[in-house]
Each structure stands twice: as structure tokens, then as C-alpha cells.
Amino acid sequence: MSSEAKVITKTEQTADQAVSLSQRIAVAVVGGLLGSFILIGVGFANSDLVHNLAHDSRHANSFPCH
């Protein structure tokens, strides 16, 4: 490393990693919508369809299920 390398202090690291309130709200809204979509989709899906999807994904990941 060169002798001119900047030393980053803890305050500068924290300022760079700060997340604004609007960004946190956006993430919460997207997460809530995705979670609601998944719960409602599974809740109204045919149980055989959900079982087959879970079964196929277990096989795709080489995880034994029987």
C-alpha cells in the first residue's frame, strides 16, 4: 500500500453505510407485498400442487424426501 492511502475512520464507515428512511420503507413494502403474495398464493393453491412443487424442489436440490 502507498503511504498516501487514506485511513477510514469508524465515523466515515458508518456514514457510508447509513440507509435512509425512505429506502427502509421501500424494502419493507416490497417484502410485505412479496410475503403476502406467497401466503395468499399458497393459501388458495391446490394442496397437491403445493406438495408437488415442494417435492420437485427437494429433488432438484438433491435432498432425499422418501
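So which of D56, D16 is acidic (D, E), in a helix (DSSP H, G or I) and modelled with pLDDT of 70 or more? Give the steps one after another, and end with the answer.
Working: D16 fails: modelled with pLDDT of 70 or more.
One residue alone meets the criteria, D56.
L39 satisfies every condition listed in (1) surrounded by 10 or more Cβ atoms within 10 Å (Cβ to Cβ); (2) modelled with pLDDT under 85 except (2).
The values are calculated or read from the model by the stated rules, or taken from the named source; none is laboratory data. Note that the coordinates shown come from a computational prediction; the quantities given were computed from them, not determined experimentally. Methodologically, a virtual Cβ is constructed for each residue, glycine included, from the backbone with ideal geometry; neighbour enumeration extends over all protein chains shown.
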